[in-house]
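The values are calculated or read from the model by the stated rules, or taken from the named source; none is laboratory data. From a predicted model like this one, the values you see are computed outputs, not experimental measurements. Glycine also receives a Cβ, built like all others from the backbone with ideal geometry; neighbour counts cover every protein chain displayed.
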Amino acid sequence: MPALCITAILLFRRKAACYALAPVFLTLLAIMSMELVNIVTVMGRKGFGTNFLMIISFVVLGVGFTTLLWFYFSLVRKPEDTSG
């Protein structure tokens, strides 16, 4: 969590290293959100109770992080091909 906060602050300051770290952390957050959906679903099926609001919120977060990641990669400029 501290690394996410530091990366966010440095992104606002437009530091170069954070442009490499941002997609890594967005991928991590998207995967963790879907993992939590699976965990809560399995716990509900095993009889520990299911909180549908929690499942929906993790799905929304996962889709949001994936959308941000797609948006990030859509803005990345492709290097020009200089070979003859």
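Does any residue of region 50-65 turn out to be of a type in the set (Gly, Ala, Ser), touching a Ser or Thr at 6+ places or on another chain (Cβ under 9 Å) and at pLDDT below 90?
Within region 50-65, not a single residue is of a type in the set (Gly, Ala, Ser), touching a Ser or Thr at 6+ places or on another chain (Cβ under 9 Å) and at pLDDT below 90.
Residues in region 60-73: is at least one in a helix (DSSP H, G or I), aromatic (Phe, Trp, Tyr) and in contact (Cβ under 8 Å) with a residue 40 or more places away in the chain? Show your work before the answer.
To start, the set of residues in region 60-73 that are in a helix (DSSP H, G or I) comprises 60-73.
With the extra rule that they be aromatic (Phe, Trp, Tyr), the set shrinks to 65, 70-73.
So of that shortlist, the ones also in contact (Cβ under 8 Å) with a residue 40 or more places away in the chain come out as 72-73.
Within region 60-73, one or more residues are in a helix (DSSP H, G or I), aromatic (Phe, Trp, Tyr) and in contact (Cβ under 8 Å) with a residue 40 or more places away in the chain.
State whether one or more residues within region 11-18 are in a helix (DSSP H, G or I) and more than 16 Å from the chain's Cα centre (by Cα).
Going through region 11-18, the residues in a helix (DSSP H, G or I) turn out to be 11-12, 18.
Restricting the remaining residues to those that are more than 16 Å from the chain's Cα centre (by Cα) gives 12.
Yes.
Kindly list the number of the only condition in (1) touching a residue at least 12 places away in the same chain (Cβ under 8 Å); (2) not in a helix (DSSP H, G or I) that fails for LEU26.
LEU26 satisfies all of (1) touching a residue at least 12 places away in the same chain (Cβ under 8 Å); (2) not in a helix (DSSP H, G or I) except (2).
Is region 34-49 home to any residue that is assigned to a helix (DSSP H, G or I), under 11 Å from the mean Cα position of the chain (by Cα) and at pLDDT 85 or above?
First pass over region 34-49, keeping only residues assigned to a helix (DSSP H, G or I): 34-45.
Restricting the remaining residues to those that are under 11 Å from the mean Cα position of the chain (by Cα) gives 34.
Imposing the further condition that a residue be at pLDDT 85 or above reduces the set to 34.
The answer is yes, given that some residue of region 34-49 is assigned to a helix (DSSP H, G or I), under 11 Å from the mean Cα position of the chain (by Cα) and at pLDDT 85 or above.
Could you run through region 12-31 and say how many residues are surrounded by 14 or more Cβ atoms within 10 Å (Cβ to Cβ) and at pLDDT 85 or above?
Pass one, region 12-31, residues surrounded by 14 or more Cβ atoms within 10 Å (Cβ to Cβ): 18-19, 21-23, 25-26, 29-30.
Now drop any that are not at pLDDT 85 or above, which leaves 21-23, 25-26, 29-30.
Counting residues in region 12-31 that are surrounded by 14 or more Cβ atoms within 10 Å (Cβ to Cβ) and at pLDDT 85 or above gives 7.
In region 74-83, is there at least one residue being of a type in the set (A, V, I, L, M), part of a helix (DSSP H, G or I) and surrounded by 14 or more Cβ atoms within 10 Å (Cβ to Cβ)? Walk me through it before giving the result.
We begin by selecting, within region 74-83, every residue of a type in the set (A, V, I, L, M); these are 75-76.
Going one step further and asking which of them are part of a helix (DSSP H, G or I), we end up with 75.
So of that shortlist, the ones also surrounded by 14 or more Cβ atoms within 10 Å (Cβ to Cβ) come out as none.
No; the residues of region 74-83 include none that is of a type in the set (A, V, I, L, M), part of a helix (DSSP H, G or I) and surrounded by 14 or more Cβ atoms within 10 Å (Cβ to Cβ).
Please specify each residue of region 19-77 satisfying the condition of being touching a Phe, Trp or Tyr at 6+ places or on another chain (Cβ under 6 Å) and farther than 23 Å from ILE9 by Cα.
LEU36, VAL37
With the structure loaded, tell me whether VAL59 is among the β-branched types (Val, Ile, Thr) and within 13 Å of the chain's Cα centre (by Cα) or whether it fails that test. So that I can check it myself, show each step before the final result.
On the way: among the β-branched types (Val, Ile, Thr): yes; within 13 Å of the chain's Cα centre (by Cα): yes.
Against the criterion (among the β-branched types (Val, Ile, Thr) and within 13 Å of the chain's Cα centre (by Cα)), VAL59 qualifies.
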